[in-house]
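Please read the structure below before turning to the comments.
The values are calculated or read from the model by the stated rules, or taken from the named source; none is laboratory data. As the structure is a computational prediction, the values presented were derived from the model and not from experiment. Using ideal geometry, Cβ is built from the backbone for each residue, glycine included, and neighbour counts are taken over all protein chains shown. Surface accessibility is based on the protein's heavy atoms, side chains included, excluding ligands, DNA and RNA. Shrake-Rupley method; radii C 1.70, N 1.55, O 1.52, S 1.80 Å.
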Amino acid sequence: MDKCQIRILHLSATKDWGGGENHLLNLVTHDIADSQDEHYILCPKNSIAHARFKDKGLRVYSALMLHKLSLNYILNIISLCKKHKINLIHIHDTTALTLAVLASKFSDLPSFIFSKKTSYFIKNRKGTLHKYNHPNISKILCVSSKTKENCKISIQDHSKLEKIYHGTNIEKLTVRDDYNIRKELGFTENDIIIGNIANHWRSKDLATFLETANHVVNISGRKDFHFVQIGQFTKYTPAFFELRKKLNLEKNVHFLNEIENASGLIPQFQISLITSQSEGLPQFIYESSFHKVPVVSTNVGGIPEFIENGENGMLTNPYESQSLADKLIALSRDKELCEKFTERSYHKLIENFTSRNMAEQTLAAYKKVLYGKN
């Protein structure tokens with residue numbers, strides 16, 4: 001094997017686009033000089049991920065996935081490994097892990113690296129434990145220290161676990177001046193915009209987002225606060241709309257669905273609010289820090305590894321909507337504290353949480369698997 005050439009097949013079996021897919025994009029489009037790594041991506045046919053990777057001019061292939069145990073996807077793994085002489089498979093979600101394990105039963109495949117992008121505990125089921133401890137897996141890259149600790153309960157060989165923060169691509173973060181939230185939604189200049197960017201998944205706990213807004217707007221009487229939520233609508237969305245109506249928040253909570261380059265709108269927020277019940281380490285925190293917008297968040301997953309309560313942001317336990325509301329109101333009144341938080345978060349991001357750091361550490365992990373520690 002040519003030690004200067006690493007050919008990686010990335011497996012993504014999700015049809016939507018989220019933080020995990022953004023991580024994959026940042027990884028395969030790095031600009032590290034003389035790295036000589038070649039990246040190939042396999043995605044579900046007609047998926048959002050496949051379309052976006054294709055638009056970027058990447059080496060992307062698609063496989064028909066009528067159900068999660070897609071034989072077509074399995075056969076594509078095998079054929080692409082042979083066609084491109086793949087020497088490492090990087091797996092980016094649990095469905096793709098299942099398919100890779102199944103593919104290994106039909107063909108000799110190169111070593112696996114699996115990215116664990118959430119802090120969820122691995123389920124204590126025989127089949128699940130088998131795939132996470134599969135002998136083909138040489139490394140499990142954990143998005144945070146919390147994720148790594150949670151994995152230790154189920155992973156037999158702890159030496160396979162390695163923490164690599166995903167980071168964000170600061171070179172591609174831009175400010176959008178073509179969409180004015182305040183003007184589009186009819187806010188006054190004195191209104192306070194509390195922003196959130198997240199797809200409508202259970203882990204994001206947007207019910208607590210609404211309950212927090214209720215404490216601020218209705219219980220504390222702060223009608224000048226407007227909560228703007230941007231993210232892909234899902235099967236959970238109707239319940240959020242119903243709760244918004246029940247809480248009489250239709251004038252103060254605004255769901256905008258998915259917006260292209262939504263991170264470019266973050267500078268229009270006065271405060272970024274995260275109410276998640278489970279997380280890895282969300283891009284929204286990095287993006288808010290880059291744009292110097294202060295963060296109020298729940299203390300779940302890897303979030304406390306970036307945001308230290310009272311040092312560069314405010315944290316509270318999950319589901320505690322009143323505490324979140326109190327922190328939003330207090331922070332909105334303290335401009336000096338906001339500036340302290342944002343300056344500290346910005347410097348922390350630049351020093352340790354960029355996608356370049358992530359790519360360098362991931363490439364080092366590839367080399368450890370292929371060539372050993374030396």
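Remarks
Conditions (1) aliphatic (A, V, I, L, M); (2) open to solvent by 30 Å² or more (accessible area, probe 1.4 Å); (3) over 21 Å from the mean Cα position of the chain (by Cα); (4) within 27 Å of Ser115 (Cα to Cα), marked per residue:
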position: Asn299; (1), (2), (3), (4): no, yes, no, yes
position: Phe306; (1), (2), (3), (4): no, no, no, yes
position: Glu311; (1), (2), (3), (4): no, yes, yes, no
position: Ser321; (1), (2), (3), (4): no, no, yes, no
position: Thr354; (1), (2), (3), (4): no, no, no, yes
position: Leu363; (1), (2), (3), (4): yes, no, no, yes
position: Lys368; (1), (2), (3), (4): no, yes, yes, yes
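- Enumerated helices (runs of 4 or more DSSP H) restricted to segment 309-374, each holding at least 3 residues that are touching a strand residue (DSSP E or B) at 6+ places or on another chain (Cβ under 7 Å): 321-332, 355-371
- Total residues in segment 187-224, condition within 18 Å of Asn248 (Cβ to Cβ) and open to solvent by 30 Å² or more (accessible area, probe 1.4 Å): 10
- Cross-chain or 6+ apart pairs with Cβ under 8 Å, segment 99-128 first and within 21 Å of Asn150 (Cβ to Cβ), then open to solvent by 50 Å² or more (accessible area, probe 1.4 Å) and among the aliphatic types (A, V, I, L, M): Phe121/Ile153; Ile122/Ile153
- Segment 93-128, residues that are hydrophobic (A, V, I, L, M, F, W, C), under 25 Å from the mean Cα position of the chain (by Cα) and either at pLDDT below 95 or assigned to a loop (DSSP other than H, G, I, E, B) (or both): Phe121, Ile122
- Flag if Ile259 is within 21 Å of Asn180 (Cβ to Cβ), among the hydrophobic types (A, V, I, L, M, F, W, C) and open to solvent by 10 Å² or more (accessible area, probe 1.4 Å): yes
- Counting only helices (runs of 4 or more DSSP H) that sit wholly inside segment 1-92, those with at least 2 residues that are free of Cβ contacts under 8 Å to residues at least 60 places away in the same chain, open to solvent by 30 Å² or more (accessible area, probe 1.4 Å) and of a type in the set (A, V, I, L, M, F, W, C) are 48-55, 71-83.
- Restricting segment 166-186 to residues that are touching a helix residue (DSSP H, G or I) at 6+ places or on another chain (Cβ under 7 Å) and open to solvent by 40 Å² or more (accessible area, probe 1.4 Å), the residue that is farthest from Cys142 (Cα to Cα): Tyr179
A quick yes/no check of all residues on (1) in contact with a helix residue (DSSP H, G or I) (Cβ under 6 Å, 6 or more places away or on another chain); (2) over 20 Å from Ser203 (Cβ atoms):
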position	(1), (2)
Thr118	no, no
His134	yes, yes
Lys139	yes, yes
Ser144	yes, no
Asn150	no, no
